[in-house]
Every structure is written in C-alpha cells, then in structure tokens.
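Read-outs: derived from the displayed coordinates by stated rules, not from any lab. It should be emphasised that the depicted structure is a prediction, and the values quoted were computed from it without experimental measurement. No Cβ is skipped: glycine too gets one built from the backbone with ideal geometry, and neighbour counts run over all protein chains shown.
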Amino acid sequence: IYLNLKREEKNIPIVFIERIEEIREHLASFNYTDLVIFSDKLVYRLYKDFIESLKPTYLYLFDEGEESKSIESYLKAIDYLLEKNIDRKALFVAIGGGVVGDVVGFVASTYKRGVRLIHIPTTLLSMVDSSIGGKTGINYKSYKNQIGTFYQPEMIIICPKFLETLPKSEILSGLGEIIKYGFTLDRSILGMKERFEKDVFDIFHDRMLAMQLIKKSINCKVKIVEKDEKESLLREVLNFGHTVGHALETYYNYYFSHGIFIILGMIAEMILSNMIFNFDLSNVDFLIRILEKNNIKLPQKFDKNQIISIMKHDKKNINASIRMVLLKDVCDYVLGYEVNEDILYEVLGRFEKIV
Ligand code: NAD
Ligand code: ZN
C-alpha cells in the first residue's frame, strides 16, 4: 500500500505495483459473488490475455472514447447487469482510462444503490487525476459530467506498466495535469523541467522517474481531496488551466486530448496572472517549448468572443461572472479571482499570438 486516502469513515488504499500480474493477488483479497470486469474495446484488445486470466464472471466492454459517457451507454450497462441478475455482493473492476473510470464509477454507485468498485487506471491522466477523488459522471446533451455522484472505490491499483502501450498524445495529456500540480501544489515536480521539454516518451520509459512523478501528483490530489471532497473552495485549485482550457476544448470540439488543452489553458491563465500579479512569464516559455517539441498547434484561429461566451457558461461560475485560479508565483495561488471580459479579451489576444 502506497498510502491510504481517508474519506469520512473509509480508508481507500492506493496500491502501486510493478507487474500487471500482481493485480490478481489484490483482487483475491476481496470476498464477492461475481467478479464483473469493465473495460473498453481498445484496452481489451491490448490486454486481452491478462484480462481473461483474471477469470471474470462477466466482462463488459464499452466502446473506446468519450461517447461511452452517455446516458445510453450507462443504461446499456445497467441493462446488462440486470439481465445477468448480478447482485450487490459482486465486485466491479474498472480497467481503463478516465472514460471507463467515470462511467463505471457511476454505474457502481447507482446499481442497486451501490456495488463495491476497484479502479485500475491505464492512462497517465487517469492514474494521476480521474481515478483519485471519487467523482463519477456521465455527459448529458452536449455538456460534460452533468450527471454524477461522489463514490469512493474500495481500492485504486496503479501499475505504470500500462503506460508502455499508451500513444504519445495521451502521455502528453497526463503530463499536462502533472505540470498543473507542479505549478499549483508541488514545485518539486518542476525540478524535472528539462526532462519535460525532451521527448515525453523518454520520461515515461524511465521507470523510476515515471513512478516519482505519478506519486507526487497523486499526493497533490489526495491532499486536496482529503480536505475537500465535495468541491467547495479548496478543490478549485485543481482547476488551474481549466477555465480557458475547457473553453478551448469545447471550441475545438475535443481536437486534442484533455491535458493538452490544459497546457494551452495554463498558458493563457499565466498570461493573465502576469498582467494582474506580475507572474513570471518564463514559465509560459517553458510550456510553449513543450508544445513545440510535440508539434501541438491549434488547427485554426479562434473567435475570442466565442471563447469568452463559452467560459461564461462554465458551471463553475456563479452568476455568470468568470472566476479562475491565478498564480502570483509558482505554488502561490489565488482562488476565485473574478476576471472582467475586457482583460480576458486582451489576454486571449496575447495568447493567440504565441500558440
Ligand atoms: P480515455 O479514457 O478516453 O483514454 C484515452 C484513450 O486511451 C482511449 O482510446 C483508451 O481506449 C486508450 N487507452 C487507455 N489505456 C490505454 C493503454 N494502457 N494503452 C493504450 N491505449 C489506452 O481518456 P482519459 O484521458 O484517461 O480520461 C478522460 C476522461 O476522464 C474524461 O471523460 C474526463 O471527463 C474524465 N476525468 C474525470 C475526472 C474525475 O475526477 N472523475 C478527472 C479528470 C478527467
Ligand atoms: Zn483536467
């Protein structure tokens, strides 16, 4: 056990393992009637032999991609469970990225009022972010995560071996969130800055370094979640880069993986931090170098007013004013800073010139 996350009366072990095969022993420590494994079709193709070797009573596969976080896909999974007559004493295991984790989390928390769940995140983003903290959710109409619950798993098993099959864009996406933790909560993550500017594959093929970065990131998330499970003020800090990042993500219709939009969002929010708090712009240069190294360029120009209007509809804004997390310095943040539209327009103008 790497550490125990404490939520109300519950201890949630976050376990690190080196070999994927060790998962079997961890599952064996639970009592259950049926073992129900959920994954997506792509992960299943890559890890078929391993998943089969766990001898699931039932195996349920989602299509890969965000589409699986829909009401229809949720109901299809529920129908399957009902049809198989699966009871509350089953053990659910979610093997996959954030999409599988979020939808299975929601299934587990609602099916017969709750079935025990184990998260086995297989993307970098899900290891350092989505599997930790107990948020589950599906999308509704065109809005993300509008229906969901807080539901803590019995255990989270992290095996960095899964990262070996992950495409570069998904590694970079997870790195975006890791860098966010570096700028907001743990500056030691940025101690490896030069390595980030090299090949991202390179970092995550260095087992020790990968493990260190993942652990430091999880520590950041755990620290915040333990203090503040239900998203009041403190948890806001995790949204650094996300106000602009989400707007770009919507505007460009998910053209890049999530964490890449967060890198872009952090650049814009750092420019704003510079205008308001004189935040050091060399940090922006660092992020730009990462994007350049990985050939990330916005596919076409954006409409500044439209981006601002998307931000106003962001669920985090009370009374439609735009609030965000800004930085005075690395790991010295200001929560809920209310930004006026004129300044935002200017920020986006500077931003579009450099990305
Ligand atoms: P994802 O689950 O869509 O995975 C990305 C792609 O990688 C998919 O095609 C998947 O099939 C594939 N994949 C997964 N593991 C692989 C592996 N080991 N090797 C090769 N390919 C693999 O995306 P994600 O980035 O993991 O998660 C994004 C989702 O997480 C979003 O829906 C977002 O809303 C959610 N999220 C939730 C929270 C939370 O707190 N619950 C936090 C952040 C993000
Ligand atoms: Zn994010």
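When you count, for each residue, the other Cβ atoms within 10 Å and take the mean per peptide, how do 72-82, 209-219, 125-135 rank with the highest first? Please list the in-between numbers first.
Details: 72-82: 15.0, 209-219: 19.4, 125-135: 25.9.
The densest-packed peptide leads the list: 125-135, 209-219, 72-82.
With the cut-off at 21 Å, tell me which of the pairs K135/K168; K55/K84; K10/K69 have Cα atoms farther apart than that. Working shown, then result.
Values: K135/K168 26 Å; K55/K84 17 Å; K10/K69 27 Å.
Over 21 Å apart, Cα to Cα: K135/K168; K10/K69.
Of the options L172, P299, A77, report the single residue whose Cα projects farthest towards the positive end of the charge dipole of the chain (beta-carbon charges: Lys, Arg +1; Asp, Glu -1).
It is A77, whose Cα lies furthest towards the positive end.
Restricting the count to DSSP beta bridges whose residues both fall in segment 3-165, what percent are antiparallel, rounded to a multiple of 5?
Details: 8 of 28 bridges.
Roughly 30 percent of the DSSP beta bridges within segment 3-165 come out antiparallel.
If every alpha-carbon in the chain counts as one equal scatterer, what log10 I(q)/I(0) does Debye give at q = 0.11, 0.12, 0.14 1/Å?
At q = 0.11, 0.12, 0.14 Å⁻¹ the computed log10 ratios are -0.73, -0.87, -1.17.
Work out the length of the dipole vector of segment 199-264 about its Cα centre, built from +1 on the beta-carbon of each Lys and Arg and -1 on the beta-carbon of each Asp and Glu, and round it to the nearest 20 debye. It would help to have the intermediate numbers written out before the result.
Numbers: 8 positive and 9 negative charges, 52 e Å.
Using Cβ point charges on Lys, Arg, Asp and Glu, segment 199-264 gives about 240 debye.
Mind checking the dipole of the chain: about its Cα centre, +1 per Lys or Arg Cβ, -1 per Asp or Glu Cβ, Debye to the nearest 20? Show your work: numbers first, answer last.
On the way: 47 positive and 49 negative charges, 91 e Å.
It comes to approximately 440 debye.
What percent does the relative contact order of segment 199-284 come to when contacts are Cα pairs within less than 8 Å and at least six residues apart?
Values: 57 pairs, mean separation 15.8, N = 86.
In percent, rounded to a whole number, it is 18.
Under a point spin-label approximation (7 Å from Cα along Cα-to-Cβ), what is the K193-D87 distance to one decimal in nm?
Taking the two extended label points, one gets 5.9 nm.
Taking the dipole about the Cα centre of segment 190-266, with the C-beta of Lys and Arg at +1 and of Asp and Glu at -1, give me whichever of Q212, L264, L248 is farthest to the positive side.
Toward the positive end, the furthest listed residue is Q212.
State the antiparallel share, in %, of DSSP beta bridges confined to the chain, rounding to the nearest 5. Please list the in-between numbers first.
Details: 14 of 34 bridges.
Once the DSSP bridges in the chain are tallied, antiparallel ones form about 40 percent.
Based on Cβ point charges of +1 for Lys and Arg and -1 for Asp and Glu, what charge dipole magnitude is obtained for segment 3-165 about its Cα centre, in debye rounded to the nearest 20? Write down the numbers at each step before the final one.
Details: 21 positive and 22 negative charges, 89 e Å.
Rounded to the nearest 20 debye, it is 420 debye.
What fraction of the DSSP beta bridges in segment 1-93 is antiparallel, stated in percent and rounded to the nearest 5? All intermediate terms of the calculation are to be shown ahead of the outcome.
On the way: 5 of 13 bridges.
So the antiparallel bridges in segment 1-93 amount to around 40 percent.
Which whole-number percentage describes the relative contact order of segment 168-354, with Cα contacts under 8 Å and a sequence gap of 6 or more?
On the way: 233 pairs, mean separation 46.6, N = 187.
Averaging sequence separation for qualifying contacts and normalising by length gives 25 percent for segment 168-354.
If you average the C-alpha positions of segment 276-309 and of segment 143-222 separately, how far apart do those two centres end up, in angstrom?
First find each Cα centre; the distance between them is then 21 Å.
Give the relative contact order (percent, whole number) for the chain; include only Cα pairs under 8 Å separated by 6+ residues. Mind dumping the intermediate values first?
Numbers: 595 pairs, mean separation 46.8, N = 355.
Over the chain, the number comes to 13 percent.
For the chain, take the longest principal axis of its alpha carbons; what is the angle in degrees between that and the long axis of helix 98-110, to the nearest 10 within 0 to 90?
That works out to roughly 50 degrees.
Using a 10 Å cut-off on Cβ atoms, rank the peptides 95-108, 20-33, 255-268, 41-54 from the highest mean neighbour count down. Mind showing how you got there, number by number?
Numbers: 95-108: 26.9, 20-33: 13.4, 255-268: 23.6, 41-54: 15.1.
Final packing ranking: 95-108, 255-268, 41-54, 20-33.
Please compute, for the alpha-carbon atoms of segment 3-165, the extent along each of the three principal axes and give them in descending order in Å.
The Cα atoms of segment 3-165 stretch 40, 36, 30 Å along the principal axes, largest first.
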